[in-house]
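Comments concern the structure below.
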Amino acid sequence: MPVNTYEFLILLDSGKVAGDFDATREQLHGYFTKVGGEILISRVWDDRRLAYQIGTQKKGLYYLIYAKIESTKVIEIEGELRLNESIIRHMPIKLHPKWSDTMLTVSRDERHGVAFHAMTDDETGETRTERDPVGAGVGDDEGGPPRRGPRRPAADIGDKD
């Protein structure tokens, strides 16, 4: 089976893990080592108020794990995560091999959220902000607000017979 790099974003119940976070971390790492996975990076991302209430939870601790595991073992790990009462939600994402080294380098940095905006595209050499600046209209040539509805050919604009 192929070994891929995965990102697991895990939302933990802040109240349950606040007392003994090290035990929770060891438990999470144990799920990966049990199936033969290799944890590359694991770190707390953020402890914040949720955008919407999940059950009775209004606050959660986001935890990131980057691991190399076989693709068939992801289902086993997800089964273990579902049974853990401290975990509110989890989301595994398979990283594309082209981006996995970049993602691992950026995720080691504590300020990695800012670094994603400065990543360059290998094909064009432009940064994301050069191609699509924040606030600019998506697909709009003038940089104004985005258009609504389909574009019409220029010949059809003035003709109303």
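FYI, it's all coordinate maths here, none of it is from the lab. Everything quoted here is computed from the prediction, not taken from an experiment. With ideal geometry, Cβ positions are generated from the backbone for all residues, glycine too; neighbour counts draw on all protein chains shown.
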Requested in this report: Would you order Thr102, Thr5 from fewest to most other beta-carbon atoms within 10 Å of each residue's own beta-carbon?
Outcome: Thr102, Thr5
**Report entry** For Glu80, net neighbour charge (Lys/Arg +1, Asp/Glu -1) across residues whose Cβ lies under 14 Å away
**Finding:** -1
Query raised in the report: For Ile88, which sequence-distant residues (separation of 5 or more, or a different chain) have an amide H within less than 5 Å of its own amide H, given hydrogens modelled in the peptide plane?
Result: Leu11, Leu12, Asp13
Query - Pairwise FRET efficiency - Lys98 versus Ile54, Cβ, R0 = 22 Å, nearest 0.05 - result: 0.10
Requested in this report: Note down the nm distance, to one decimal, between modelled labels 7 Å out along Cα→Cβ at Ala23 and at Leu83.
Outcome: 1.8 nm
Report task. Only loop residues by DSSP count here, and only those with at most 10 other Cβ atoms within 10 Å; note down the trypsin sites (Lys or Arg not before Pro) in the stretch 28-87 that meet that. Result -> none
Query - In order through the stretch 50-63: 3J(HN,Hα) via Karplus (6.51 cos²θ - 1.76 cosθ + 1.60), integer Hz, x for Gly, Pro - result: 6, 5, 9, 6, 10, x, 9, 7, 10, 9, x, 10, 8, 10
Query raised in the report: For the stretch 3-95, what number of Lys pairs, 8 or more residues apart or on separate chains, have alpha-carbon atoms under 21 Å from each other?
Result: 7
